[in-house]
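**Q** Starting off with a structure, shown below.
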Amino acid sequence: MSMRRVVFGLGSNLGGRFSMLRAAHDLFAYAFDGNVTDARVRITKPVGPVQPDFANCAVLVRSDAPPEALLSIALRLEDKLGRERTVRWGPRTIDVDVLWIEGETHASESLVVPHARLMERGFALAPLVELVPEARDPRDDRRYRDVLASLGNGGGNGGDGEASFALGEGFETIEVLDHTADEGFDVRAIDRADLLAGCAEALGNTMVHRTSVRPLRVLPVEASAPEGAEGFVDDCERMHAWLAEVLFTLDARRFAARRVCVTEDGPRWVRGMILGEPLDEGRHEVGTAVKAITYHDMRVEQSGDDGWEARVIVDV
């Protein structure tokens, strides 16, 4: 089978949505030898039961794999990122669909390509058209951009929000603070769950530069409020407890982080996962040895309608 373009659709509406999409991007990049292009992320209304808005995106790869093999890659990615299948069209940490294979159709009990509801869903068509503007439906040769235009804003299921940012862009600005011997980082994110994920990624990147790390394994991580407390006192305590657990996990397991995802940001806990691999100082680009997370100059706050911001200082 010859190489052709393939577009996968991605969606998340639980936990740190952008952190899940970033992790999915890295898993696709690893599976396809770095040959992956992202559409921009859009906030979209859900189809199905009442639930949070989705962060939707799509990725373009080139592959000669058969359609069922492409589905297997999508399902393995979902499993690795903790996808649980309960309610049909219900909320999910990650959803991966094979949307379109250039010039091909496929129909089986497990997979239909092009995606069975692609023509009805603007939130799936819009990123596909962004990635492949000239894409056509292999069944009737219609241009997808014309179909998208005919759907109007949202294609009848809630609408596409404004594009946010590309998955390849970084969460954080890392800086060495002049007035201390410590290192710190500033992070901005769309919501608190993604802020927690972004700060954990920044911490991991401070210790081992993520570009040298492969997303081979997943480690669970969980932080909880002090025993007997009804919940975290404030967002700084929540951040401190979460990052302390991430640091402990990385140190105790001698693990290098590629990405960190938050799957649940609850009243008394933060749960997530670290994607990476065992630390290999001969191959990984090791950065700063971090001793502890401090409360020194820590700041966690909402920044109006623009999301959340944090400053974190680490003891090195």
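**Q** Show me the ranking of peptides 103-110, 115-122 by mean Cβ neighbours inside 10 Å, starting with the highest.
**A** 115-122, 103-110
**Q** Quick check: convex hull over the Cα atoms of the chain, volume per residue in Å³, rounded to an integer?
**A** 142
**Q** Ok, one more. Can you run phi through the Karplus equation (6.51, -1.76, 1.60; θ = phi - 60°) for region 279-292 and list ³J(HN,Hα) in whole Hz, with x for Gly and Pro?
**A** 5, 10, 5, x, 10, 7, 8, 7, x, 8, 7, 9, 8, 6
**Q** Projected onto the charge dipole of region 172-315 (+1 at Lys/Arg Cβ, -1 at Asp/Glu Cβ, origin at the Cα centre), which of 246, 296, 256 gives the Cα projection farthest towards the positive end?
**A** Toward the positive end, the furthest listed residue is 256.
**Q** Which value in Å is the Kirkwood Rh of region 4-163 over different Cα pairs?
**A** Taking the inverse mean of 1/r over all distinct Cα pairs, region 4-163 comes out at 15.6 Å.
**Q** Which one, 147, 100, 23, is farthest towards the positive end of the dipole of region 4-163 when Lys and Arg carry +1 and Asp and Glu -1 on their Cβ?
**A** Of the candidates, 23 comes out farthest on the positive side.
**Q** Still on this model: R0 = 25 Å: FRET efficiency of residue 264 with residue 218, Cβ-based, nearest 0.05?
**A** 0.95
**Q** Rounded to the nearest 0.05, what FRET efficiency is calculated for residue 303 and residue 143 with R0 set to 45 Å and r the Cβ-Cβ distance?
**A** Calculated transfer efficiency: 0.65.
**Q** In debye, nearest 20: dipole of the chain around its Cα centre with unit charges on the Cβ of K, R (+) and D, E (-)?
**A** So the dipole magnitude of the chain works out to roughly 1100 debye.
**Q** Right, next: With springs connecting C-alpha atoms under 10 Å apart, model the chain as a Gaussian network and identify which of 216, 243, 27 has the largest mean-square fluctuation.
**A** Greatest mean-square fluctuation among the candidates belongs to 216.
**Q** Could I ask something else about it? With unit charges on the beta carbons (Lys and Arg positive, Asp and Glu negative) and the dipole taken about the Cα centre of the chain, which residue among 32, 82, 51 sits farthest to the positive side?
**A** In the chain, that residue is 32.
**Q** Among 237, 134, 301, rank each residue by its count of other Cβ atoms within 10 Å, from fewest to most, as a rough exposure measure.
**A** In order of increasing Cβ crowding within 10 Å: 134, 301, 237.
**Q** Name the helices (complete DSSP H segments) of the chain with a Cα length along the long axis of 18 Å or more and a Kyte-Doolittle mean of at least -1.0, or state none.
**A** Answer set is 17-31, 67-80, 192-207, 235-252.
Bear in mind these aren't lab numbers, they're just calculated from the coordinates by the rules spelled out. As the structure is a computational prediction, the values presented were derived from the model and not from experiment. Neighbour counts run over all protein chains shown; Cβ positions are idealised from the backbone, glycine included.
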